[in-house]
Amino acid sequence: MSQGITIALDAMGGDRAPAMVLRGANIALERHPEARFLLFGDEAQIAPVLAKLPRLQRAATVRHTEEKVLDDAKPSQALRSGRHTSMRLAIDAVAEGQADGVVSAGNTGALMAIAKFVLKTLPGIDRPAIAAFFPTRRGESVMLDLGANIECDADNLVQFALMGDAFARSVLGLTQPTIGLLNVGSEDLKGHDAVRAAAMQLRAENSPVKFHGFIEGNDIAAGTVDVIVTDGFTGNVALKTAEGTARLFSEFLRAAFKHSLLARIGYLFAADALKKMRERMDPRRYNGAMFLGLNGIAVKSHGGADALGFANAIGVAVDMRLNGFVDQIRDELARLKAIQTPPETPQSAAL
């Protein structure tokens, strides 16, 4: 149940805001009928849409502001001069305990910068990471980082592994997720120093995660592991490549079925199977990138998402709250610290 959960929404973030945001929240209410929403944005634009959604109107409170973060705003600019924007006020609501999480389809860089400044990172986390779902042959996997940290050292990668493990447990419901480090090969000697050093830590006898080892790019879609860990540069390239490949495949498929009369007839017989494939690959199902490592829940929806996609992003935030995601990360970090800290010997105690 989602009883007692309040989600703050940046009602002005996204290509089709605020209508898309409100309709998405209305869909989310079907799945989480006890949820409540704080809507931050221009009341003059929100009110006409909200009036057509009576169920959401009963579950939502509007917090008026005419300011919003522009899509092309630099993160530093949004952080410095955006204290009264819908995005900033929604994040403030989480920091002040008025909401359990925030969801926005606005400027990604600004959302990360403001959330990190307002919510802070958890003790033991140097940098937050962006994580998202990936459809695989086995179901779904989680991949991080997807662009927040271009360069990472071994400690960053280990922290990402812990956060990915906690996320897979809390949202995907996995009891013992497998963790893989994305590399240029599966052999132990492959990759740069940071990747090899992170692997050594994750392979430790008392490691708090189930480390599979190195994986390669083709392992992502295969679902070889449940959590894929990499630096933000590599992760973002992998994400955009997968999105582009999916679009290319769809275009090739449409062109093939339009090629001839026989192909069009074949489409009629294959329509049901193709519908199931489209549903499984529908990017709206996987909408909702998570900012992991913050002392609070922040979820980024794709700016071009429709209402169903935004509803799924809200669902991610609700699931993270219901399953105590932030507390799970704290527990994982405590376990890692206990492993890394050598026991005190009598001699060292005397010193």
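The values are calculated or read from the model by the stated rules, or taken from the named source; none is laboratory data. Keep in mind it's a predicted model, so treat the numbers as computed, not measured. Quick reminder, even Gly has a Cβ in these numbers, built from the backbone with ideal geometry, and neighbours come from all protein chains shown. Note: accessible area is taken over every heavy atom of the protein model, side chains too, but ligands, DNA and RNA are not part of it. Shrake-Rupley method; radii C 1.70, N 1.55, O 1.52, S 1.80 Å.
Restricting the range 92-121 to residues that are closer than 12 Å to Ile297 by Cβ and of a type in the set (A, V, I, L, M, F, W, C), which is most open to solvent (accessible area, probe 1.4 Å)? Ranking the candidates gives Ala95 first.
Exactly one residue among Asp155, Asp71, Asp100 is among the acidic types (Asp, Glu) and in contact with a Ser or Thr (Cβ under 7 Å, 6 or more places away or on another chain), and that residue is Asp100.
Looking only at residues in the range 27-67 that are part of a strand (DSSP E or B) and not aliphatic (A, V, I, L, M), the one that is surrounded by the most Cβ atoms within 10 Å (Cβ to Cβ) is Phe40.
The residues of the range 159-173 that are surrounded by fewer than 24 Cβ atoms within 10 Å (Cβ to Cβ) and either at pLDDT 90 or above or assigned to a helix (DSSP H, G or I) (or both), listed by number, are Arg169, Ser170. Summed over the range 211-257, the residues that are free of Cβ contacts under 8 Å to residues at least 24 places away in the same chain, surrounded by 14 or more Cβ atoms within 10 Å (Cβ to Cβ) and farther than 29 Å from Leu268 by Cβ give a count of 1. Note on the range 174-210: residues that are within 18 Å of Asp145 (Cα to Cα), open to solvent by 50 Å² or more (accessible area, probe 1.4 Å) and in a loop (DSSP other than H, G, I, E, B) total 2. Candidates are the residues of the range 78-102 that are touching a Lys or Arg at 6+ places or on another chain (Cβ under 8 Å) and not in a helix (DSSP H, G or I); the one that is nearest to Leu9 (Cα to Cα) is Gly101.
Given the structure, is Leu70 open to solvent by 70 Å² or more (accessible area, probe 1.4 Å), within 25 Å of the chain's Cα centre (by Cα) and hydrophobic (A, V, I, L, M, F, W, C)? Quick ask: steps written out before the conclusion?
Working: open to solvent by 70 Å² or more (accessible area, probe 1.4 Å): yes; within 25 Å of the chain's Cα centre (by Cα): yes; hydrophobic (A, V, I, L, M, F, W, C): yes.
Criteria met by Leu70.
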